[in-house]
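Down below is the structure, laid out as C-alpha cells.
The values are calculated or read from the model by the stated rules, or taken from the named source; none is laboratory data. The structure displayed is predicted, hence computed values, not measured ones. FYI the Cβ positions are ideal-geometry reconstructions off the backbone, even for glycines, and counts take in every protein chain you see.
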Ligand SMILES: NC(=O)c1ccc[n+]([C@@H]2O[C@H](COP(=O)([O-])OP(=O)(O)OC[C@H]3O[C@@H](n4cnc5c(N)ncnc54)[C@H](O)[C@@H]3O)[C@@H](O)[C@H]2O)c1
C-alpha cells in the first residue's frame, strides 16, 4: 500500500513509519520538522519538509497518490495551547482540515487520525469508554475534539473512510524531552542527568501509559480494520505519576527526591482507558507492559 504519514519524523510517527515499512508498504513522510528529526527515520524513507497548512501540500499528495493518509502532525503542547489557542487551532484544526480536504480531492481511500484522551476532559466514569461525554479542559483537547467531528463529516459527506485513534500517554524510544515532553521522558532525562525530576501537582494524578510500539501496531491494524471507528489506545492500567516516579527511580537506581510544582492548566486528575473496543474491532491489544517498557528504556540509556 502507498501511505503518506504526516508528522512521520516525530516520536510516534516515526514508529508508525517503521511498522509500515516492515509490513512492506511504500511510505512518504511530510513533516515541517518543527519537532521532527531526520534521524528518527530510516534513511530510505523519503521526506518532504512542508507544513500541512501549505497550499503546496496538495501537489505533494497528488504526486504520491497514497491509498491511505495517516495524520500524526500536530501541535502537541497542552500548555502552549493554553497560551496561544489560535496557533494550536491553526495547526490541529485548520491544518487537519487541509489534510482532509486534500485527501478527498486527490482520492485517498482512508485516513487514520491521531486524537487524544484530552478530548474527554475530567472523566466521570472509569475505565473511560469511547462513548464517554467529551468535555475537554484545554484548547488542545478542544481542537482535537473539533478535528474528530470534521473527520466524521468528511466521511459522511465525501465517502472518505476514517479511523480515529485516541492515544493515552504514549512513551518509549525517541520521545523528545524538549517542550511538552511526556512525563516518562522528563523523569528519565532528569534522573540520568542527576537533576531533580519535576512532578506537577501532588503526583496522585493518574494516567494510562501506552508503549509507542503498541501505538504503532494499532496504526498498522487500522490500515485494514476499524473503518468508521473511534478507538482508545491505552492499556487499561491506571498508574499515578508518583507510582511511575517510584518505578523509574528503582530501575534507574536514583536516590534523589522530586520537586513538586503547581499543576499545569488543562491537567486532568484521573485517566484510565477501556480498550475493549479496539480489542474487538481492530483486534488490537497492548503487548508491552509498563514494567517491560520502562526497563527497556532505562537499559538503552547512555549514562554519563
Ligand atoms: N505523545 C503522546 O503521549 C500523545 C498522546 C495523545 C495524542 N498524541 C498525538 O499523536 C500525534 C503525534 O504526537 P507525538 O507525540 O509523536 O509528537 P511529535 O511532536 O514528536 O510529532 C509531531 C510531528 O508533527 C510535526 N508537525 C508539527 N506541526 C506540523 C505542521 N504544521 N506541519 C507538518 N508537520 C508538523 C512535528 O515536526 C513532529 O515531527 C499528535 O497528533 C499528537 O497530538 C500524542
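Of the conditions (1) in the same structural domain as residue 15 (by TED's automatic domain parsing); (2) in contact with a helix residue (DSSP H, G or I) (Cβ under 7 Å, 6 or more places away or on another chain), residue 223 clears all except one; give me its number.
(2)
Just checking: which of the strands (runs of 3 or more DSSP E) contained wholly in segment 165-228 hold 3 or more residues that are near the ligand (Cβ under 9 Å from one of its atoms)?
Filter on segment 165-228 gives 169-171.
Output the number of residues of segment 3-40 satisfying the condition of being assigned to a loop (DSSP other than H, G, I, E, B) and more than 9 Å from the ligand (Cβ to nearest atom).
Going through segment 3-40 one residue at a time, the tally reaches 3.
Which is modelled with pLDDT of 95 or more and assigned by TED's automatic domain parsing to the domain that holds residue 293, of 193, 202?
That would be 202, the only listed residue that is modelled with pLDDT of 95 or more and assigned by TED's automatic domain parsing to the domain that holds residue 293.
Taking residue 203 and the conditions (1) touching a helix residue (DSSP H, G or I) at 6+ places or on another chain (Cβ under 7 Å); (2) on the phi < 0 side of the Ramachandran plot, which numbered condition does it fall short on, given that it satisfies the others?
(2)
Only one of these is more than 12 Å from the ligand (Cβ to nearest atom) and surrounded by 16 or more Cβ atoms within 10 Å (Cβ to Cβ): 121, 95, 107. Name it.
Going through 121, 95, 107 in turn, just one is more than 12 Å from the ligand (Cβ to nearest atom) and surrounded by 16 or more Cβ atoms within 10 Å (Cβ to Cβ): 121.
Among the residues of segment 78-128, which ones are over 26 Å from residue 15 (Cβ atoms) and part of a loop (DSSP other than H, G, I, E, B)?
84, 107, 122, 123, 124, 125, 126
Out of all the residues in segment 42-56, which are within 10 Å of the ligand (Cβ to nearest atom) and either assigned to a loop (DSSP other than H, G, I, E, B) or surrounded by fewer than 12 Cβ atoms within 10 Å (Cβ to Cβ) (or both)?
50, 51, 52, 53, 54
Restricting to segment 266-304, name every residue that is over 25 Å from residue 122 (Cβ atoms), part of a loop (DSSP other than H, G, I, E, B), touching a strand residue (DSSP E or B) at 6+ places or on another chain (Cβ under 9 Å) and touching a residue at least 60 places away in the same chain (Cβ under 8 Å).
Scanning segment 266-304 gives 284, 287, 288.
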